[in-house]
Amino acid sequence: MKKVLLLNGCLEPGKDGVGDYSLLFAAELQNLGLEVLLCSLHDSFIKKVSQKYSNGLNITRIPATLSWHKKTKLLESLIDACKPDHISLQFVIYAFHTKGLPFRAMYYLQKVLKRFSSVSLMMHEPWIGRSYQEPAKRRVIGFIQRNMIKKFIAEVSPKVIHTSNSAFHKLLAYYKIDVKILPLFSNIPYIPHARLQVEAWMLANDCIGVGEQLRIGIFGRIPQQWNLKGLLEWLSKENENAVLLHIGKADEDQVRKLSDEINSTIPSLKAYFLGERDTDFVSGFLQTIDAGVAVTATQILGKSGVAAAYREHGLPIIIAGLDENFRKINLETILQDDCISLNHSLDSQRLKLRRREATNTRCQVARQWVQDVQTTKVLI
C-alpha cells in the first residue's frame, strides 16, 4: 500500500472535529511514507469545488450544495486520476445529512466504493437512539440509521472497520458487524513551552491566581445534558480555592446556564470563559490547568477528542458526563487510573491530581491502522 485516499464530510480547519482528525491522520500517514489524498464530500464551508496542495497533501473539497450524483462523479474522477491503493471513509452519519438520514449519500457512496477492492471504515459514531435514556423519536431515527449502515457495509464489504472505544465495539458486534478498536488521538498536540505564554496571559487577565489554587478546565462544547449539578455539588463540599475555566466554542445559552448554576450553588467559585483559541493557546491552557472536566458519558469516553487531549497533556479527568446505558447490551463502567469520580471526595482521590508525562499517540495509531488494513478481512 503506497497511496491512500481519506474521505469525510468536511475539511474546514477548526470547524469539524473529524475533519481536523483526518488532516492530522493524513499527515501522520505521510510521515510513515505513504502518499495521502483527502476529499470532503459534503463541505458546507465552501461554495465551489476546491483543490489544493498543503504540506504535501492533495486536498479536494466538494460543497454540500452539489447533488450527490455530481459529487460521486467528481469522486469517481478523483479515484480514476489518483488511483489509490486504499480508500478510508471517516464515517459520521450526520456529516452527510443535517438530520442524520443520508439516503442519497449512502446510495451513491456505496455504488462507488463497492467497485473498489480495498476500503476501510472508521466509525467515529454509529447510530443514535441506542440508549435507554433516549426518547422514542431518536430510537426510531436510530433504527433507520442502523439498517442504513448495515446495508452500506454489506454492499461495500470493507476490508476493516474501526471504532474508537469498547462500548461502540460491543454495540456493533451485537448487530453482527465485525470491528476493531482504533483509539482516538488528540487533535490538540502537546506543544512544549506553550504554557509559559498562556499562563502569563491568564495571570495578567486575573483568570488565575498566584497562590494555591485548583484550576479546573472544560475544553470544547458544553452539551445540553451533563452532570453540571453533580460537579458543582462535589466542588461545594471541597475546601478548595478553585477556579473553573472554559475554552473553546460554546453556545450562549449553555454558558448562561453554567454561570447561573455556579452563582446559585457556589457564588464564591470564579468562572472564566476564554472562547475559541488557536492550537498553541489550547495546548498551553491544558498545560496550565490541574484537571480537565469530561462531559461525555463514561462508557463512551474513548470517542471523545477532548478526553484524548486531556490524556495526551497528562491531565487527570473529572468525570461529569451522564451515564449512557445501551439497550440490549451490558456495559461496564470502569474508571481508568487518571479519572476522578464525583461519587468520592477529592481528598480520597488526591493522588490522581498528579500530572502525568505528556504523550503523542498519533504515530502509534497510524501504525496500527496500517497494520490492520494490510492484514484484516472483515466478515459480515
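Where a number appears in this text, it was derived from the coordinates with a stated rule and is not lab data. From a predicted model like this one, the values you see are computed outputs, not experimental measurements. Quick reminder, even Gly has a Cβ in these numbers, built from the backbone with ideal geometry, and neighbours come from all protein chains shown.
State the number of residues belonging to the range 113-138 that are within 21 Å of residue 19 (Cα to Cα) and either of a type outside the set (S, T, N, Q) or assigned to a helix (DSSP H, G or I) (or both). Before the answer, list the steps.
Within the range 113-138, the first condition is being within 21 Å of residue 19 (Cα to Cα), and the residues that meet it are 113, 119-128.
From what's left, either of a type outside the set (S, T, N, Q) or assigned to a helix (DSSP H, G or I) (or both): 113, 119, 121-128.
Going through the range 113-138 one residue at a time, the tally reaches 10.
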Next on the checklist: Please count how many residues of the range 245-287 are among the basic types (Lys, Arg), assigned to a loop (DSSP other than H, G, I, E, B) and touching a helix residue (DSSP H, G or I) at 6+ places or on another chain (Cβ under 9 Å).
Outcome noted: 1
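Being of a type in the set (S, T, N, Q) and closer than 18 Å to residue 17 by Cα is the filter; apply it to the range 239-294 and report the residue that is surrounded by the most Cβ atoms within 10 Å (Cβ to Cβ). Before you say what the answer is, go through the steps one by one.
Within the range 239-294, the subset of a type in the set (S, T, N, Q) is 239, 241, 254, 259, 263-265, 268, 279, 283, 287-288.
If we keep only those that are closer than 18 Å to residue 17 by Cα as well, we get 279, 283.
Details: 279: 15, 283: 25.
In this case the residue turns out to be 283.
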Checklist outcome for this item: Of those in the range 101-121 that are more than 19 Å from residue 70 (Cβ to Cβ) and of a type outside the set (Ser, Thr, Tyr), the residue surrounded by the most Cβ atoms within 10 Å (Cβ to Cβ) is 121
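Give the residue, chosen from 248, 284, that is among the small types (Gly, Ala, Ser), more than 15 Å from residue 195 (Cα to Cα) and in contact (Cβ under 8 Å) with a residue 12 or more places away in the chain. It would help to see each step written out before you state the result.
On the way: 284 fails: more than 15 Å from residue 195 (Cα to Cα).
Of the residues listed, the single one that is among the small types (Gly, Ala, Ser), more than 15 Å from residue 195 (Cα to Cα) and in contact (Cβ under 8 Å) with a residue 12 or more places away in the chain is 248.
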Next on the checklist: Name the single residue that is surrounded by the most Cβ atoms within 10 Å (Cβ to Cβ) among those in the range 159-209 being part of a helix (DSSP H, G or I) and among the polar types (S, T, N, Q).
Outcome noted: 166
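For the range 337-370, which residues satisfy the criterion of being farther than 30 Å from residue 34 by Cβ, among the polar types (S, T, N, Q) and in contact (Cβ under 8 Å) with a residue 12 or more places away in the chain? Talk me through it step by step, then tell me what you get.
Residues of the range 337-370 that are farther than 30 Å from residue 34 by Cβ, as a first pass: 337-356.
From what's left, among the polar types (S, T, N, Q): 341, 343, 345, 348-349.
The answer is 341, 345.
Out of 89, 78, I need the residue that is surrounded by 18 or more Cβ atoms within 10 Å (Cβ to Cβ), touching a residue at least 24 places away in the same chain (Cβ under 8 Å) and in contact with a helix residue (DSSP H, G or I) (Cβ under 9 Å, 6 or more places away or on another chain). Which one? Before you say what the answer is, go through the steps one by one.
Values: 78 fails: in contact with a helix residue (DSSP H, G or I) (Cβ under 9 Å, 6 or more places away or on another chain).
Matching residue, one of 89, 78: 89.
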